[in-house]
Every structure is written in C-alpha cells, then in structure tokens.
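The values are calculated or read from the model by the stated rules, or taken from the named source; none is laboratory data. Small disclaimer: the values here were computed from a predicted structure and weren't measured. Ideal geometry is used to build each Cβ from the backbone, glycine not excepted, and the neighbour counts take in all protein chains shown. To get the accessible areas, we keep the full protein, side chains included, count just its heavy atoms, and leave off ligands, DNA and RNA. Shrake-Rupley method; radii C 1.70, N 1.55, O 1.52, S 1.80 Å.
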Amino acid sequence: MRDQTRTIALISEVFWQEDGSKRLLKRLFEARDMGAQVAVIPELAMNPWSPSTKTPKDSDAEPPGGPRSQLQMEAARKAGIALIGGAILRDAQGARFNTALVIDSSGSLVGSWEKAHIPDEPGFWEADHYKPGRDGLEPLDGLGFPFGVQICSDANRPQGTQLLAAAGAECVLVPRASESATWNRWRPVLIANALTSCCWVATVNRPAPEEGVLLGGPSFAVDPNGEVLVESTDPVCTFTYDPARLSKHRSSYPGYLSMRSDLYASAWAAIPPRR
C-alpha cells in the first residue's frame, strides 16, 4: 500500500450481540466493495458498553488471541480487508487494557495500541475496568504505511497526535465511544489536531445510546489543511487521501514551523505525570 492513495472505511456499528459476527463480516465486505483497504470500527465494538457501571465482569476481558480477537481476525481474512478493531486484553498478571487491534487483510494481528487516557465519570467508569496503557507513541507500519492509533479520549491530549505525525504517521485513526452531546467539543479538537500535526485524522463512534449512556455522534475525517472530508452518521462511510500531498502540507504554514522536540521534552520531563 505504499506510494498510492489510501481509502479508509469508518463503520459506526457495534457487534457484541448474538448476530454480531455476521453483521461485522457484512459491513467489512461492504467497506471493501466501496474501495476501502482499511476499516475502522468503534471503541470496544465487540463488547457491550460495560463502563456504564463501576462493576467489571471477568467475561468482558480476554487473554491475547482470545475469542473476540479471533472473531475479528477471521472476519478481516474472509473479507480481505485490514481492520482496526479492539478488545479488553488481560495480561499474564491479570491487568486489563483497552486495546486497539491492527489486523491485516490476511487476518494476522500486526499491531496494537493500549488506551492511555482513562475517563472516570458517570457513564464512563473506565478506570474500574482497565488500566492506562503502556505503549510508546510510535507510528505503526503493519499495513504497509505509517499511521497512528489513538482510542477516544487519547485524542483530547493533542500532543499524542503531534508526536505520532512528527514521527512519520500519515494519518491517525481514533475508535471512539462518546456522547452525542459532547460532539461540539470533539470536533474543533480533531480539526486542530490535523491542522497543527499535518496529518489526516479520522474517528468513528459507537452509534447509539447503551445502558443509559447517551452514546452517539458522527464519523469524521479531516485533512491536514483542516478541511472536513467526512461528517456522517451513515453506518459505513469512506474517505480517501494521497500521502504524496504531505510534503506540500508540511512546507506551508503551520507545517513548516520548527519541531522543537528539545524544548518540549525538557519541559515535560519537569512535570510529574498526573494520574
């Protein structure tokens, strides 16, 4: 997939119900038929929205390679499309992490990202369900091009997007579970992330209220100029970008501004992490 346009599908649907595997496969075929090479599904789309309560269930999580992971890998293989999916993974010590899974079109797991910024509020009692992620902020290259993955609230710390783009990510993909009433806060942040980082940014949300939590809001994609490419509540939508345009974006304002990693690294190092 190097040196060519990328078409990415945003699938706003969840698949934890009994017929979920069939619906996921149907949506992946639909995305592929729309020309997409990669599909992104919402945050923890194979699970009910369990953080609606503070009580975690053992069955919500699985070890690496568990049944939810295998189901997504098999669906990607059958449809012949790469997939950004996810699961709550439990490590050997029993710690749980909200993990995005990067699966290629052959059904192989080629990358992952653990959610780093964990909400703790009504409807989003996530700190009771999984721990903050341990992964470094580095682009993933398992699909043949460099990209970043963030999960929901990770995107509301813009330095993450900026670091991924500075390290070479063409785009940052953000599976999400947020309330429709908060979209007016998400939208300007995502545009600013794309514009100041000089990369494409795209997100897809859980589509409807669950367990009393008013989830919902559009799929969204924005280019490095801040131009909105997609803003839609359709179950499946796509956007296309040409990575060859990056050099133009990065040579115009504000992309050409110096990257003062020395300045910011020393300043951040002096600030203790806030949990």
Worksheet item: In deg cm²/dmol, rounded to 500, what helix-only [θ] at 222 nm does the chain give when every DSSP H run of at least 4 residues adds -39500 (n - 2.57) and the total is split over its residues?
Response: -7000 deg cm²/dmol
Fill in: Phi to ³J(HN,Hα) by Karplus 6.51 cos²θ - 1.76 cosθ + 1.60 over segment 191-206, Hz, x for Gly, Pro
5, 5, 4, 5, 5, 7, 8, 6, 8, 7, 10, 9, 9, 9, 10, 4
Worksheet item: So how do Met73, Met46, Met259, Met34 rank on accessible area, 1.4 Å probe, biggest first, that is with the largest at the start?
Response: Met259, Met34, Met73, Met46
Item to complete: Return, ordered by residue number, the residues of segment 194-211 whose backbone nitrogen is under 14 Å from a label point located 7 Å along Cα→Cβ of Arg245.
Response: 194-195, 198-202
Worksheet entry | Inter-site label distance for Thr7 and Trp183 at 7 Å from Cα along Cβ, in nm | 2.5
Practice prompt. Filter the GluC sites (Glu not before Pro) in segment 163-260 to those in DSSP coil with at most 14 other Cβ atoms within 10 Å of their Cβ, and list the result.
Written response: Glu211, Glu227
Worksheet, complete the sentence: Of the listed links Lys115/Lys248; Lys57/Lys115; Lys78/Lys131; Lys22/Lys57, those spanning more than 30 angstrom between alpha carbons are Lys115/Lys248; Lys78/Lys131
Worksheet entry | Qualifying GluC sites (Glu not before Pro) in segment 1-87, DSSP loop, other Cβ atoms within 10 Å at most 11 | Glu18
Discussion item. In whole Hz and in residue order, list the ³J(HN,Hα) couplings for segment 11-22 that follow from phi through the Karplus curve 6.51 cos²θ - 1.76 cosθ + 1.60, θ = phi - 60°; x for Gly and Pro.
Written reply: 10, 8, 7, 10, 9, 7, 6, 4, 8, x, 5, 5
Worksheet item: Taking segment 186-271, which trypsin sites (Lys or Arg not before Pro) meet the DSSP loop condition and have no more than 15 other C-beta atoms within 10 Å?
Response: Arg260
